[in-house]
Amino acid sequence: MAFSSCFCRSTIPLKAGESSGKAGKGKSFPLPIRGYGAEICGQRVMSGRLNISRDWSFIGGTRVSVKPKAARFVFHRKSSTVHASWFAGSQLASSVFTLGTAAVLPFYTLMVLAPRSELTRKSMESSIPYVVLGVLYAYLLYLSWTPETLQLIFASKYWLPELPGIAKMFSSEMTLASAWIHLLVVDLFAARQVFHDGLENQIETRHSISLCLLFCPVGILTHVITKALTKSSSSIDHGL
């Protein structure tokens with residue numbers, strides 16, 4: 001911070017007989033006074049405080065010196081804004097997580113409890129849930145995106161993901177919420193494929209669809225095994 005200053009001609013009356021820095025009666029002396037922190041000699045200077053001290057000697061007479069006090073600055077971080085923003089983001093991620101999970105449960109319920117119902121078939125043929133969840137996922141991806149996202153995804157020299165970079169990226173709740181919506185969409189799509197394949201080939205799929213909700217690869221695996229066992233048993237029955 002730069003300080004501007006000026007010199008003014010000032011007189012200070014001194015009484016006779018005063019010791020230790022007092023001069024004769026009625027005498028005044030032109031003294032240069034350097035001022036800070038106020039409007040001095042018509043100039044506006046930076047804010048500050050003044051320390052005025054007076055010294056006396058036989059040679060120099062009375063001397064008045066004005067010293068500025070160091071200005072103190074107190075910086076207040078806008079922590080409330082940061083905390084409010086973080087709280088809003090955390091609340092949004094939590095709400096989207098719950099909303100997305102609740103949105104797919106009716107489709108799994110229909111496929112498990114009423115697989116041959118007309119309502120279930122029409123629901124599984126609709127693309128509306130994938131469109132809605134896809135838009136929600138894109139919005140969360142936009143909110144969680146940072147300049148470091150691509151660097152964390154393609155962290156290796158071969159432009160391949162690495163586990164430490166992915167772990168750091170998923171340290172954000174918003175990123176976790178978007179990943180959860182991503183999993184819900186993929187799992188529901190896989191469960192629908194299992195459902196349609198079961199109807200087409202007359203295969204039991206309720207156990208596989210239930211596993212697809214949380215353990216999609218295991219659900220697909222059980223469906224493949226169930227399909228193979230059903231075909232083999234059908235071949236044996238036809239052979240007999």
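Every number here is computed from the coordinates shown, using simple stated rules; none is lab data. This one's a predicted model, so the numbers in the text were calculated from it and none came from an experiment. Every residue, glycine among them, receives a Cβ derived from its backbone with ideal geometry; neighbour counts consider all protein chains shown.
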Task: Net length gained if the chain between residue 94 and residue 158 were fully extended (0.36 nm per residue, minus Cα distance) - done: 19.5 nm
Open item on the list: Please compute the Kirkwood hydrodynamic radius of the range 129-216 from all pairs of different C-alpha atoms, in Å with one decimal.
Closed with: 14.9 Å
Open item on the list: Give me the one-decimal nm value for the distance between modelled label points at residue 114 and residue 183, 7 Å along each residue's Cα-to-Cβ direction.
Closed with: 3.0 nm
- [ ] Please find the FRET efficiency linking residue 202 to residue 139, where r is the Cβ-Cβ separation and R0 is fixed at 35 Å, and quote it to the nearest 0.05.
- [x] 0.30
- [ ] Return the sequence-ordered ³J(HN,Hα) values of the range 195-209 in whole Hz as given by the Karplus equation 6.51 cos²θ - 1.76 cosθ + 1.60 applied to θ = phi - 60°, using x for Gly and Pro.
- [x] 4, 5, 5, x, 5, 5, 10, 6, 10, 5, 10, 5, 5, 5, 5
- [ ] Report the one residue of 198, 159, 179 whose Cα lies farthest in the direction of the positive end of the charge dipole of the range 113-205 (charges on C-beta: Lys and Arg +1, Asp and Glu -1; origin at the Cα centre).
- [x] 159
